[in-house]
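The values are calculated or read from the model by the stated rules, or taken from the named source; none is laboratory data. Just so you know, these numbers come straight off a predicted model, no measurement behind them. Note that we place each Cβ from the backbone using ideal geometry, even for glycine, and neighbour counts take in every protein chain shown.
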Amino acid sequence: MATVDWLNYLSNQKTLAPRAHLIEAHHVLCNLTQEKVAVDCGCGSGRDTIYLLEKDYQVFAFDNDIKCLEILTEHPLAAASPKLDVQLCSFSEFEFPRAHLINASACLFFCPKSDFPRLWLQIENSLYSGGIFCGHFISAVDINIDEELPVLTHTRHEIEQLLSAFYIVSWKEKQEFSAQLTGKKRPWLVHTIIAMKK
(Lines give C-alpha, C1' and ligand atoms only; values in the text may rest on other atoms or scores of the structure.)
Protein backbone atom coordinates (compact mmCIF):
# COMPACT_ATOMS: atom_id res chain seq x y z
CA MET A 1 0.00 0.00 0.00
CA ALA A 2 1.20 3.49 -0.79
CA THR A 3 1.08 6.28 1.74
CA VAL A 4 -0.44 9.35 0.15
CA ASP A 5 0.16 12.80 1.58
CA TRP A 6 -2.91 14.55 0.15
CA LEU A 7 -2.09 17.97 1.59
CA ASN A 8 1.36 17.91 0.04
CA TYR A 9 -0.17 16.63 -3.20
CA LEU A 10 -2.75 19.41 -3.31
CA SER A 11 -0.26 22.16 -2.49
CA ASN A 12 2.37 21.13 -5.05
CA GLN A 13 0.38 20.64 -8.22
CA LYS A 14 2.38 23.33 -10.02
CA THR A 15 5.25 20.92 -10.66
CA LEU A 16 3.23 17.80 -11.52
CA ALA A 17 2.81 16.28 -14.96
CA PRO A 18 -0.66 15.55 -16.36
CA ARG A 19 -2.28 12.42 -15.00
CA ALA A 20 -1.69 9.23 -16.96
CA HIS A 21 -5.38 8.39 -17.21
CA LEU A 22 -6.15 11.80 -18.74
CA ILE A 23 -3.49 11.20 -21.38
CA GLU A 24 -5.06 7.79 -22.05
CA ALA A 25 -8.53 9.34 -22.23
CA HIS A 26 -7.28 11.90 -24.77
CA HIS A 27 -5.84 9.11 -26.92
CA VAL A 28 -9.19 7.31 -26.88
CA LEU A 29 -10.95 10.50 -27.98
CA CYS A 30 -8.41 12.18 -30.24
CA ASN A 31 -9.50 10.55 -33.49
CA LEU A 32 -13.22 10.91 -32.86
CA THR A 33 -13.60 14.64 -33.38
CA GLN A 34 -11.67 17.64 -34.66
CA GLU A 35 -13.08 20.43 -32.49
CA LYS A 36 -12.84 19.18 -28.92
CA VAL A 37 -14.34 20.72 -25.77
CA ALA A 38 -13.14 19.62 -22.33
CA VAL A 39 -14.15 20.41 -18.76
CA ASP A 40 -11.56 20.16 -16.00
CA CYS A 41 -13.45 19.83 -12.70
CA GLY A 42 -11.60 20.94 -9.58
CA CYS A 43 -8.72 21.94 -11.83
CA GLY A 44 -6.42 23.14 -9.05
CA SER A 45 -3.32 24.81 -10.39
CA GLY A 46 -3.86 23.31 -13.81
CA ARG A 47 -1.69 20.24 -14.30
CA ASP A 48 -4.40 18.68 -16.48
CA THR A 49 -5.79 21.94 -17.87
CA ILE A 50 -2.45 22.83 -19.42
CA TYR A 51 -2.19 19.40 -21.06
CA LEU A 52 -5.66 19.83 -22.57
CA LEU A 53 -4.71 23.25 -23.93
CA GLU A 54 -1.56 21.76 -25.42
CA LYS A 55 -3.79 19.21 -27.18
CA ASP A 56 -5.91 22.04 -28.62
CA TYR A 57 -9.09 21.57 -26.60
CA GLN A 58 -11.43 24.41 -25.76
CA VAL A 59 -11.13 24.07 -21.97
CA PHE A 60 -13.57 25.08 -19.27
CA ALA A 61 -11.81 24.77 -15.92
CA PHE A 62 -13.16 25.48 -12.46
CA ASP A 63 -12.11 25.30 -8.84
CA ASN A 64 -13.08 27.00 -5.59
CA ASP A 65 -9.47 27.70 -4.55
CA ILE A 66 -8.42 31.17 -5.71
CA LYS A 67 -4.72 30.58 -4.98
CA CYS A 68 -4.63 27.52 -7.22
CA LEU A 69 -6.43 29.37 -10.00
CA GLU A 70 -3.93 32.22 -9.75
CA ILE A 71 -1.12 29.72 -10.36
CA LEU A 72 -2.99 28.35 -13.37
CA THR A 73 -3.68 31.75 -14.91
CA GLU A 74 -0.03 32.76 -14.50
CA HIS A 75 1.10 29.88 -16.71
CA PRO A 76 2.24 31.32 -20.08
CA LEU A 77 0.02 29.02 -22.14
CA ALA A 78 -3.04 29.67 -19.97
CA ALA A 79 -2.45 33.40 -19.96
CA ALA A 80 -2.18 33.56 -23.76
CA SER A 81 -4.83 31.05 -24.78
CA PRO A 82 -8.23 32.21 -26.07
CA LYS A 83 -9.38 28.60 -25.63
CA LEU A 84 -9.39 28.69 -21.82
CA ASP A 85 -12.32 29.69 -19.63
CA VAL A 86 -11.46 29.62 -15.91
CA GLN A 87 -14.10 30.02 -13.22
CA LEU A 88 -13.86 30.40 -9.47
CA CYS A 89 -16.83 28.34 -8.31
CA SER A 90 -17.99 25.21 -6.52
CA PHE A 91 -19.39 22.00 -7.97
CA SER A 92 -22.93 23.23 -7.37
CA GLU A 93 -22.34 26.58 -9.10
CA PHE A 94 -20.66 25.42 -12.31
CA GLU A 95 -22.87 25.12 -15.40
CA PHE A 96 -21.47 22.46 -17.68
CA PRO A 97 -21.20 23.15 -21.42
CA ARG A 98 -21.64 20.37 -23.98
CA ALA A 99 -18.31 18.55 -23.91
CA HIS A 100 -16.34 15.76 -25.50
CA LEU A 101 -14.23 15.11 -22.39
CA ILE A 102 -14.85 15.69 -18.68
CA ASN A 103 -11.94 15.28 -16.31
CA ALA A 104 -12.79 14.89 -12.62
CA SER A 105 -9.48 13.78 -11.18
CA ALA A 106 -8.87 13.81 -7.42
CA CYS A 107 -11.85 16.07 -6.77
CA LEU A 108 -15.22 14.28 -6.67
CA PHE A 109 -14.68 13.13 -3.09
CA PHE A 110 -14.65 16.78 -2.03
CA CYS A 111 -18.13 17.36 -3.45
CA PRO A 112 -20.79 17.71 -0.70
CA LYS A 113 -22.99 14.64 -0.65
CA SER A 114 -26.12 16.75 -1.13
CA ASP A 115 -24.68 18.33 -4.30
CA PHE A 116 -23.42 15.14 -5.93
CA PRO A 117 -26.62 13.85 -7.62
CA ARG A 118 -27.07 17.14 -9.52
CA LEU A 119 -23.35 17.26 -10.33
CA TRP A 120 -23.34 13.76 -11.76
CA LEU A 121 -26.48 14.44 -13.77
CA GLN A 122 -24.81 17.51 -15.27
CA ILE A 123 -21.67 15.51 -16.09
CA GLU A 124 -23.72 12.80 -17.77
CA ASN A 125 -25.97 15.20 -19.68
CA SER A 126 -23.20 17.49 -20.86
CA LEU A 127 -21.17 14.74 -22.53
CA TYR A 128 -21.84 14.02 -26.17
CA SER A 129 -22.46 10.41 -27.12
CA GLY A 130 -18.98 8.96 -27.56
CA GLY A 131 -17.60 11.55 -25.11
CA ILE A 132 -15.22 10.53 -22.36
CA PHE A 133 -15.42 10.82 -18.58
CA CYS A 134 -12.20 10.26 -16.67
CA GLY A 135 -11.55 10.67 -12.99
CA HIS A 136 -11.47 9.22 -9.51
CA PHE A 137 -13.92 7.87 -6.99
CA ILE A 138 -12.95 6.60 -3.57
CA SER A 139 -14.34 3.85 -1.38
CA ALA A 140 -13.79 3.67 2.35
CA VAL A 141 -12.30 0.40 3.53
CA ASP A 142 -13.26 -1.11 6.91
CA ILE A 143 -15.61 1.74 7.77
CA ASN A 144 -17.75 1.64 10.89
CA ILE A 145 -21.35 1.63 9.67
CA ASP A 146 -22.25 4.58 11.93
CA GLU A 147 -19.19 6.65 10.99
CA GLU A 148 -19.77 9.92 9.14
CA LEU A 149 -16.89 10.74 6.82
CA PRO A 150 -16.05 14.32 5.78
CA VAL A 151 -15.44 13.14 2.22
CA LEU A 152 -17.74 11.57 -0.35
CA THR A 153 -17.30 7.84 -0.86
CA HIS A 154 -18.94 5.35 -3.20
CA THR A 155 -19.08 1.58 -3.15
CA ARG A 156 -18.15 -0.30 -6.29
CA HIS A 157 -21.83 -1.10 -6.82
CA GLU A 158 -22.76 2.60 -6.54
CA ILE A 159 -20.07 3.51 -9.10
CA GLU A 160 -21.36 0.82 -11.45
CA GLN A 161 -24.83 2.36 -11.18
CA LEU A 162 -23.47 5.85 -11.87
CA LEU A 163 -21.74 4.52 -14.98
CA SER A 164 -24.77 2.70 -16.37
CA ALA A 165 -24.94 5.17 -19.27
CA PHE A 166 -21.27 4.58 -20.13
CA TYR A 167 -19.04 1.94 -21.66
CA ILE A 168 -16.08 1.22 -19.38
CA VAL A 169 -12.79 1.82 -21.17
CA SER A 170 -10.58 1.35 -18.12
CA TRP A 171 -11.23 0.78 -14.40
CA LYS A 172 -8.21 0.51 -12.11
CA GLU A 173 -8.31 0.10 -8.35
CA LYS A 174 -5.52 0.94 -5.95
CA GLN A 175 -5.50 0.76 -2.17
CA GLU A 176 -3.86 3.72 -0.44
CA PHE A 177 -3.30 4.52 3.22
CA SER A 178 -3.72 8.14 4.26
CA ALA A 179 -4.69 10.37 7.17
CA GLN A 180 -4.97 13.52 5.09
CA LEU A 181 -8.59 13.22 4.01
CA THR A 182 -10.07 12.66 7.46
CA GLY A 183 -7.30 13.27 10.02
CA LYS A 184 -7.21 9.55 10.83
CA LYS A 185 -4.98 7.07 9.05
CA ARG A 186 -7.13 4.64 7.18
CA PRO A 187 -7.18 2.62 3.96
CA TRP A 188 -8.97 3.96 0.90
CA LEU A 189 -9.74 2.23 -2.36
CA VAL A 190 -9.15 4.64 -5.23
CA HIS A 191 -11.01 3.93 -8.47
CA THR A 192 -9.43 5.45 -11.58
CA ILE A 193 -11.96 5.34 -14.38
CA ILE A 194 -12.13 6.12 -18.07
CA ALA A 195 -15.63 5.68 -19.53
CA MET A 196 -17.32 6.50 -22.83
CA LYS A 197 -20.85 7.91 -22.95
CA LYS A 198 -23.22 5.56 -24.77
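Do the conditions hold for H154, that is, is it under 13 Å from the mean Cα position of the chain (by Cα) and under 30 Å from V37 (Cβ atoms)? Judged against the criteria, H154 is not a match.
In the range 149-161, which residues are surrounded by 12 or more Cβ atoms within 10 Å (Cβ to Cβ) and either touching a helix residue (DSSP H, G or I) at 6+ places or on another chain (Cβ under 6 Å) or of a type outside the set (A, V, I, L, M, F, W, C) (or both)?
Of the residues in the range 149-161, the ones surrounded by 12 or more Cβ atoms within 10 Å (Cβ to Cβ) are 149, 151-156, 158-160.
If the condition is that a residue be surrounded by 12 or more Cβ atoms within 10 Å (Cβ to Cβ) and either touching a helix residue (DSSP H, G or I) at 6+ places or on another chain (Cβ under 6 Å) or of a type outside the set (A, V, I, L, M, F, W, C) (or both), then V151, L152, T153, H154, T155, R156, E158, E160 are the ones that fit.
Within the range 35-64, the residues that satisfy the criterion of being part of a loop (DSSP other than H, G, I, E, B) and in contact (Cβ under 8 Å) with a residue 24 or more places away in the chain are K36, G42, C43, G44, S45, G46, K55, D56, Y57, N64.
Whether any residue in the range 127-144 is surrounded by 12 or more Cβ atoms within 10 Å (Cβ to Cβ), among the hydroxyl-bearing types (S, T, Y) and within 20 Å of F96 (Cβ to Cβ) is what I want to check. Looking for residues that are surrounded by 12 or more Cβ atoms within 10 Å (Cβ to Cβ), among the hydroxyl-bearing types (S, T, Y) and within 20 Å of F96 (Cβ to Cβ), one finds at least one in the range 127-144, hence yes. Examine the range 66-88 for a residue that is on the phi > 0 side of the Ramachandran plot and either more than 18 Å from the chain's Cα centre (by Cα) or surrounded by fewer than 23 Cβ atoms within 10 Å (Cβ to Cβ) (or both), and state whether such a residue exists. No, there is no match, as no residue in the range 66-88 is on the phi > 0 side of the Ramachandran plot and either more than 18 Å from the chain's Cα centre (by Cα) or surrounded by fewer than 23 Cβ atoms within 10 Å (Cβ to Cβ) (or both).
Condition test on G46, is it touching a Leu at 6+ places or on another chain (Cβ under 6 Å) and on the phi > 0 side of the Ramachandran plot?
Values: touching a Leu at 6+ places or on another chain (Cβ under 6 Å): yes; on the phi > 0 side of the Ramachandran plot: yes.
Against the criterion (touching a Leu at 6+ places or on another chain (Cβ under 6 Å) and on the phi > 0 side of the Ramachandran plot), G46 qualifies.
Per the listing S114, S45, S81, the residue uniquely closer than 22 Å to P150 by Cα and of a type in the set (G, A, S) is S114.
Within the range 65-96, the set of residues being of a type outside the set (A, V, I, L, M, F, W, C) and outside any helix (DSSP H, G or I) comprises D65, H75, S81, P82, K83, D85, Q87, S90, S92, E93, E95.
Look at the range 184-198: where a residue is closer than 16 Å to L162 by Cβ and a partner is outside any strand (DSSP E or B) and acidic (D, E), sitting 6+ places away or on another chain with Cβ atoms under 7 Å, you get I194/E24. Condition check for P18 on (1) at pLDDT below 95; (2) within 27 Å of Y128 (Cα to Cα); (3) not small (G, A, S): one failure, at (1).
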